[in-house]
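Following this message is one structure expressed as structure tokens.
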Amino acid sequence: MSRPRPGLPIAACIALGWVALLSACYDLAGPRACTLEAVAGIVIDLRTESGQALTAVDATGRAVDGALIANLEPFFDQLIGAWEQPGTFVVTVEKPGFEPWIRQDVRVEPGECHVTPARLEAVLSPRP
């Protein structure tokens, strides 16, 4: 009676693990760029009319697409949100001391793995 080789089950498990890992990154057409990260669908830089960068710390934003309402949150000097949400949005930005900023028809495109973010620049006018 032949005896099973001791290393064979471990080698088979390792091989199956590599197949699972590679299939997460490649398909038959070539490499895929899919990752486990979430991508913000809307990214907004804030500026004054003279082009000076503004901090987003005290700014608020909202992106609305029909019944979907996404709050935009400060992230360093940007407002970001609508995570992995494709659609056509109405985007508003408010910051103390400035007039509200509104942009219609902001398009976030779906992708194979993640959305393609809409990158905007909100030029804010000071309140009189």
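The values are calculated or read from the model by the stated rules, or taken from the named source; none is laboratory data. Computed from a prediction, not measured in an experiment: that's the story for all the values here. As a convention, Cβ positions derive from the backbone with ideal geometry for all residues, glycine included, and neighbour counts pool all protein chains shown.
In region 17-28, is there at least one residue being in contact with a strand residue (DSSP E or B) (Cβ under 8 Å, 6 or more places away or on another chain), surrounded by 11 or more Cβ atoms within 10 Å (Cβ to Cβ) and either closer than 20 Å to Ser125 by Cα or at pLDDT below 95 (or both)?
Start the filter on region 17-28 by keeping residues that are in contact with a strand residue (DSSP E or B) (Cβ under 8 Å, 6 or more places away or on another chain), which leaves 25.
Filter once more, so that each one left must be surrounded by 11 or more Cβ atoms within 10 Å (Cβ to Cβ): 25.
Now drop any that are not either closer than 20 Å to Ser125 by Cα or at pLDDT below 95 (or both), which leaves 25.
Yes, region 17-28 contains a residue that is in contact with a strand residue (DSSP E or B) (Cβ under 8 Å, 6 or more places away or on another chain), surrounded by 11 or more Cβ atoms within 10 Å (Cβ to Cβ) and either closer than 20 Å to Ser125 by Cα or at pLDDT below 95 (or both).
Can you pull out the residues in region 34-44 that are over 15 Å from Trp101 (Cα atoms) and surrounded by 17 or more Cβ atoms within 10 Å (Cβ to Cβ)? Walk me through it before giving the result.
We begin by selecting, within region 34-44, every residue over 15 Å from Trp101 (Cα atoms); these are 34-41.
Within region 34-44, Val39, Ala40, Gly41 meet the criteria.
Within the bounds of region 30-37, is there any residue that is on the phi > 0 side of the Ramachandran plot, without any contact (Cβ under 8 Å) to a residue 12 or more places away in the chain and more than 16 Å from the chain's Cα centre (by Cα)?
Yes; the residues of region 30-37 include at least one that is on the phi > 0 side of the Ramachandran plot, without any contact (Cβ under 8 Å) to a residue 12 or more places away in the chain and more than 16 Å from the chain's Cα centre (by Cα).
So, one more: For region 112-126, which residues satisfy the criterion of being of a type in the set (D, E, K, R) and either touching a Pro at 6+ places or on another chain (Cβ under 9 Å) or within 14 Å of Ala59 (Cβ to Cβ) (or both)?
Passing the criteria: only Glu121.
What are the residue pairs meeting all of these: first residue in region 72-83, first residue in contact (Cβ under 8 Å) with a residue 40 or more places away in the chain, second residue basic (Lys, Arg), Cβ atoms under 9 Å, and 6 or more apart or on different chains?
Cβ pairs passing all conditions: Gly81/Arg62.
Determine the pairs where a residue that is touching a residue at least 40 places away in the same chain (Cβ under 8 Å) and within 26 Å of Pro86 (Cβ to Cβ), located within region 40-56, has a partner that is outside any strand (DSSP E or B) and among the small types (Gly, Ala, Ser) with Cβ atoms under 7 Å apart, the partner being 6 or more residues away or on another chain.
Leu46/Ala56; Leu46/Ala59
Related question: Of the residues that sit in region 29-43 and are small (Gly, Ala, Ser) and modelled with pLDDT of 90 or more, which one is farthest from Thr88 (Cα to Cα)?
Restricting attention to region 29-43, the residues satisfying the condition of being small (Gly, Ala, Ser) are 29-30, 33, 38, 40-41.
Cutting the leftovers down to modelled with pLDDT of 90 or more gives us 38, 40-41.
Values: Ala38: 19, Ala40: 14, Gly41: 11 Å.
Ranking the qualifying residues of region 29-43, first place goes to Ala38.
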